[in-house]
Amino acid sequence: MKITDTLRKSCVRVPLRSREKIAVMTELVDLLHEHGQLTDRDEALKAVLAREKTRSTGIGLGLAVPHGKSRGCRRLAIAVGKPATPMDFEAVDGRPCGFIVLLTSPTDKTGPHIQALASISRLWQHDGFRRAVAQAKSADDLYAAIEQHEG
Amino acid sequence: MNVIVAGAGDVGGHAAEVLSADGHNVTVIDLSAERLRALGDTLDLRTLVGHCSHWDVLREAGVERCDLLIATTQVDEVNMLAASVAKAAGAKKTIVRVHHTANFSLRGTPYAQQLGIDELLCPEHLTALAIARTIRNPGFIALEEFGRGQLLMQRFPVASGAPVVGSALSELTLPPSTRLATVESGSTVTLADADTTIAEGDMVTLIGETKQFEAARKMFSKDREKHIHIAIMGETATAVWLCRALKSRIFSVRLFVQHRDRAEELSEKLGHVTILDADPTDSATFADEHIGKTDVFIAVTDDDERNILACAQSKAMGVATVIAVVPRAKYLHLFPHVGIDHAFSPRADAVKAILHLIDTGPIRSLATFANGIAEVYELRPSKRAKVLGHELRNVKMPAQAMIAAIRRGDNVYVPGADDQIAAGDTLLVIGPRGISDDLRKLFVTK
């Protein structure tokens with residue numbers, strides 16, 4: 001599946017206003033909520049924070065994929081952001097994160113959720129994509145980078 | 001074919017789907033009317049609500065004219081009983097899905113026959129083997145699986161100065177119960193026969209009974225093998241079977257489990273594996289255990305999402321090959337593209353195995369190896385085959401084919417020229433590809 005089939009341009013923010021892990025996750029959930037992607041903002045946020053507590057979603061090379069399943073949305077929703085400068089996400093490799101992809105899904109539809117996680121992991125393994133993300137100066141740049149590398 | 005599927009869960013439902021699409025006449029029994037409705041709505045099959053181990057229910061499902069019963073409920077004992085009752089009532093063949101290792105070990109024993117069970121199926125075991133096949137040569141796994149721990153097969157280079165260099169196979173005396181299967185010289189692969197000569201640098205594939213193997217190996221190579229380092233995450237049945245399938249001196253296996261008591265229990269069962277109760281995706285553990293330096297990382301927890309993230313992370317951290325098990329087979333096709341090198345689904349593997357079992361004739365091909373030049377065949381000679389009771393030296397095998405192993409009851413051995421084939425034996429033959437018809441002429445008499 002393509003990320004850009006689900007991700008709306010309005011749900012991409014560069015740079016993020018927050019500089020701290022929990023604040024960034026909250027900011028991205030709020031971004032989804034502002035654009036009508038959620039039915040219950042608090043439920044969605046609670047699920048993302050709870051998931052993050054079990055284990056950091058900073059999965060290496062500067063990518064974090066915070067995610068949660070809850071009654072807070074009717075279908076998979078994705079928000080993407082870049083902090084002003086790479087930030088600590090307690091990633092497994094200890095590197096700061098410069099690209100954050102947040103996913104929320106309903107509890108009963110996990111297929112698209114898993115596919116989206118898989119797609120993001122795949123994209124992130126391309127050096128070219130990581131470079132394009134690092135160079136993106138605006139939400140438009142970042143969205144274009146994703147669109148281009150998804151092919 | 002008339003097929004009864006008992007239990008409309010993951011494996012049963014998927015099997016019913018595949019078999020009815022293949023044109024078989026399928027009846028599905030389940031306790032849940034709702035689950036049956038979901039199946040019946042989309043597929044052309046008959047459904048029946050009830051206990052699949054009950055005689056009257058089975059009879060209503062048409063057990064007397066049933067060619068195959070597949071019992072796949074969540075409960076092993078129910079499955080075994082359903083097969084027993086069905087067999088007694090006239091089902092021609094029964095396949096039983098089991099979860100527990102102890103029940104699976106009934107496989108091939110007289111007890112299973114007395115119970116009316118023809119084949120035991122453990123999807124977790126199948127998935128473990130499928131994973132192991134991507135790490136090891138499939139031909140080797142086929143042979144070792146046939147041998148149930150009593151046989152080994154390995155491929156390695158001939159060392160300079162090894163005692164065998166320059167000799168023809170006819171001049172060599174290998175230890176008893178060991179055989180040379182193939183010799184690869186450059187790009188040429190030869191199935192070994194008496195005239196085959198061995199040169200330094202050739203890659204040889206050796207077969208033998210476990211206890212004799214090392215002595216034979218030393219004639220070809222002094223080197224110790226290069227170890228392959230494998231990290232497995234999960235404490236599922238698949239993880240346990242996988243550890244067993246990777247029991248070989250060339251693997252150094254570490255298993256990461258979540259619970260301390262499970263770790264202790266598994267340490268007793270799996271002596272050849274290092275068991276740690278730690279989370280390999282935790283950054284401290286990842287660093288301390290040097291997981292980035294392992295050759296293969298395999299995630300087999302029962303959580304798809306965790307498996308994918310753990311693999312993505314390991315790949316990002318430099319692991320060469322990462323493998324995830326994802327129980328939801330529906331999106332399996334995505335995985336080769338996600339940077340996860342392989343992905344497996346127990347449900348899909350189980351159905352593949354069922355199709356394979358239905359198809360079983362006296363001869364089947366288990367695997368190929370040596371660039372597809374050599375094939376491994378399993379065959380059951382018919383009761384009146386002419387070869388029975390003759391010493392193998394007098395059995396004229398097809399060119400370059402050899403009987404690599406014989407299974408008789410619980411025993412598996414590598415036969416010598418003086419040995420004979422007995423009624424009821426199962427043979428493992430290694431030979432060129434595509435000789436099924438020649439083997440059939442020799443071993444299968446109508």
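The values are calculated or read from the model by the stated rules, or taken from the named source; none is laboratory data. These numbers were taken from a predicted model, which means no experiment stands behind them. Here the Cβ positions follow ideal geometry from the backbone for every residue, glycine too, while neighbour counts run over all protein chains shown. Calculation scope for accessible area: heavy atoms of the full protein, side chains included, ligands and nucleic acids excluded. Shrake-Rupley method; radii C 1.70, N 1.55, O 1.52, S 1.80 Å.
Tabulated data for the structure shown
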read-out: Every residue from region B:222-257 that is modelled with pLDDT under 85 and touching a strand residue (DSSP E or B) at 6+ places or on another chain (Cβ under 7 Å); value: B:225, B:227, B:250
read-out: First in region A:1-25 and free of Cβ contacts under 8 Å to residues at least 40 places away in the same chain, second anywhere and assigned to a helix (DSSP H, G or I) and open to solvent by 40 Å² or more (accessible area, probe 1.4 Å), Cβ under 8 Å, 6 or more apart; value: A:22/A:49
read-out: Top-ranked residue of region A:52-98 - restricted to ones that are among the aliphatic types (A, V, I, L, M) and within 9 Å of chain B (Cβ to nearest Cβ), ranked as nearest to residue A:24 (Cα to Cα); value: A:65
read-out: Every residue from region B:90-141 that is buried (at least 24 other Cβ atoms within 10 Å of the Cβ) and of a type in the set (Ser, Thr, Tyr); value: B:94, B:127
read-out: Qualifying residue in region B:386-397 (condition: closer than 21 Å to residue B:142 by Cα and of a type outside the set (A, V, I, L, M, F, W, C)); value: no
read-out: Residue check for residue B:249: in a strand (DSSP E or B), of a type in the set (Lys, Arg) and closer than 30 Å to residue B:308 by Cα; value: no
read-out: Residue within region B:282-304 that is touching a Ser or Thr at 6+ places or on another chain (Cβ under 9 Å), hydroxyl-bearing (Ser, Thr, Tyr), in a helix (DSSP H, G or I) and open to solvent by 20 Å² or more (accessible area, probe 1.4 Å) present; value: yes
read-out: Helices (runs of 4 or more DSSP H) completely within region A:50-151 that count 3 or more residues being surrounded by fewer than 18 Cβ atoms within 10 Å (Cβ to Cβ) and among the acidic types (Asp, Glu); value: A:139-150
read-out: All positions within region B:254-275 that are in a strand (DSSP E or B), touching a Lys or Arg at 6+ places or on another chain (Cβ under 8 Å) and surrounded by 17 or more Cβ atoms within 10 Å (Cβ to Cβ); value: B:275
read-out: Considering residues of region B:18-35 that are aliphatic (A, V, I, L, M) and touching a helix residue (DSSP H, G or I) at 6+ places or on another chain (Cβ under 9 Å) only, the residue surrounded by the fewest Cβ atoms within 10 Å (Cβ to Cβ); value: B:18
read-out: Which numbered condition residue B:213 fails, given (1) in a loop (DSSP other than H, G, I, E, B); (2) within 24 Å of residue B:373 (Cβ to Cβ); (3) in contact (Cβ under 8 Å) with a residue 60 or more places away in the chain; value: (1)
read-out: Residues satisfying the stated conditions in region A:1-29, i.e. surrounded by 15 or more Cβ atoms within 10 Å (Cβ to Cβ) and part of a helix (DSSP H, G or I); value: A:3, A:4, A:6, A:10, A:11, A:21, A:24, A:25, A:26, A:27, A:28, A:29
read-out: Residue among B:15, B:6 that alone is open to solvent by less than 10 Å² (accessible area, probe 1.4 Å), within 15 Å of residue B:91 (Cβ to Cβ) and in contact (Cβ under 8 Å) with a residue 12 or more places away in the chain; value: B:6
read-out: Filter result for residue B:69 (farther than 21 Å from residue B:351 by Cα, open to solvent by less than 40 Å² (accessible area, probe 1.4 Å) and in contact with a helix residue (DSSP H, G or I) (Cβ under 9 Å, 6 or more places away or on another chain)); value: no
read-out: Region B:356-378, residues that are surrounded by 18 or more Cβ atoms within 10 Å (Cβ to Cβ) and over 16 Å from the mean Cα position of the chain (by Cα); value: B:358, B:363, B:370, B:374
